[in-house]
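Reading through the structure tokens given below for one structure.
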Amino acid sequence: MVDTRVRLGEIQLKNPIIPASGTFGYGLEMAELYDLNLLGGIGVKGTTLHPRFGNETPRIAEAPCGLINAVGLQNPGIEQVATALMPQLAALCRTPVLANISGFSLEEYVACAKIMDGVEQVALLEVNISCPNVHGGGMVFGTDAKQAALVTEAVLRVTNKPVFMKLSPNVTDIAEIAKACENAGAHGISMINTVSAMRIDIKNRKPVLANKTGGLSGPAIFPIALRMVNQVYHAVKIPIIGMGGVASAEDVIEMVMAGATAVQVGAANLVNPFACKELVEALPGCMERLQINDLVEIRGIV
């Protein structure tokens, strides 16, 4: 009998499968399809201090082996999420919730962290310093090690929950930024976010996306994510939640071998709403075929 359990610090997950922020809403619609208690955790949609409509449409563009999105952090605001949506999710399942928060200033990150700190259902804060689809926020902090450390320290001062910093791949040295977050006190790293990309409508001679550029996700970025997870694994001692194009149980195993403790599934949910459930069900059989008794034994073996 294989053991799929993993630990993110003091938080134990029954398996490493977590729907990624922005691809699972707040879990409420998905709960109509299957029991969310099957999942290791749930990453809820990225939340900002104030409600956001997001970017103008079109927001989605097709790409080989993936898609480009420029949704722009559309959300109802932190108060609505904390006081209304999180209690609704708690009534449906007891799966640990990863609350993804973002901001356009240090003060906004702090305000969001303070509010989420008081939400019982939230097991950890995933601090998004990596969104490529909004102007003047998120990735501004995630592309500079000193700025990433400042956000980490500021959030840690106002919360008792574990803090995982979500990093951008759109940098020259992601390991340096991860190390800066670790030195600032982060409990873990989430990585990677989408890769900056664009498409052009050659008939109309203009960008497909209203935002011009967006974030590429899906299987196309899996090898990039894998390489970066492995780099960061060898640079830090804190847990890593790996993501970026994960679509099969074999991908999960590969990501763990690269150094991830848990794995988030993003674009696959948009293609198949049962993707995470199917990965949870497929993982034990895959481990048995590969003669893996426990995910800990293969973590970071390369």
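Could you give the length gained by full extension between Ala91 and Asp144, i.e. 0.36 nm per residue of separation minus their alpha carbon distance, to one decimal place?
15.1 nm
The H on the amide N of Lys166, modeled in the peptide plane, is under 5 Å from the matching H of Val127, Asn128, Ile129, Ser190, each at least 5 residues off or on a different chain. When you count the other C-beta atoms within 10 angstrom of each residue and take the mean per peptide, 257-264, 55-62, 160-167 line up highest first as 257-264, 160-167, 55-62.
Averaging 1/r over each pair of different alpha-carbon atoms in the range 6-298 and inverting the result gives 18.8 Å, the Kirkwood hydrodynamic radius. Taking amide H atoms as placed 1.01 Å from N in the peptide plane, the amide H of Ser196 lies under 5 Å from those of Leu216, each 5 or more residues away in sequence or on another chain. Of the residues Lys179, Lys45, Lys203, which exhibits the maximal mean-square fluctuation in a Gaussian network model of the chain defined by a 10 Å Cα contact cut-off? The residue with the greatest mean-square fluctuation here is Lys203. Across the range 260-267, coupling constants 3J(HN,Hα) worked out from phi with the 6.51/-1.76/1.60 Karplus curve, θ = phi - 60°, read 6, 8, 10, 9, 9, 10, x, 4 Hz, and Gly and Pro carry x. All C-alpha pair distances within the range 199-302, sorted into 5 Å bins from zero, spread as 2, 12, 20, 19, 17, 11, 7, 5, 4, 2, 1 percent across the bins. Considering only beta bridges that DSSP places wholly inside the range 6-298, some 40 percent are antiparallel.
Take the Cα of Asp117, step 7 Å toward its Cβ, do the same at Ile301, and the gap between the two points is 4.1 nm.
Cross-link partners of Lys14 among lysines, defined as those whose alpha carbon lies under 26 angstrom from its own and excluding same-chain residues fewer than eight positions apart: Lys45, Lys161, Lys166, Lys237, Lys277.
Pull out a ≥ b ≥ c, the square roots of the eigenvalues of the alpha-carbon gyration tensor of the range 96-229, then state rounded if a/c is under 1.5, prolate if not and a/b is larger than b/c, and oblate in the remaining case. The shape class here is prolate. Taking θ as phi - 60° and the Karplus parameters 6.51, -1.76 and 1.60, the scalar couplings of the range 158-165 work out to 10, 9, 9, 7, x, 10, 10, 8 Hz in sequence order, x denoting glycine and proline. Can you tell me how the range 14-127 classifies by the Cα gyration tensor, rounded, prolate or oblate, using a/c under 1.5 as the rounded cut? Verdict is oblate for the range 14-127. Near the amide H of Asn100, within less than 5 Å, lie the amide hydrogens of Val44, Thr47, Glu126, all on another chain or at least 5 residues away, with H placed in the peptide plane.
Every number here is computed from the coordinates shown, using simple stated rules; none is lab data. What you see is a predicted model; the values in this text were computed from it and never measured. Don't worry about glycine lacking a Cβ; one is built from the backbone with ideal geometry, like all the others, and counts go over all protein chains shown.
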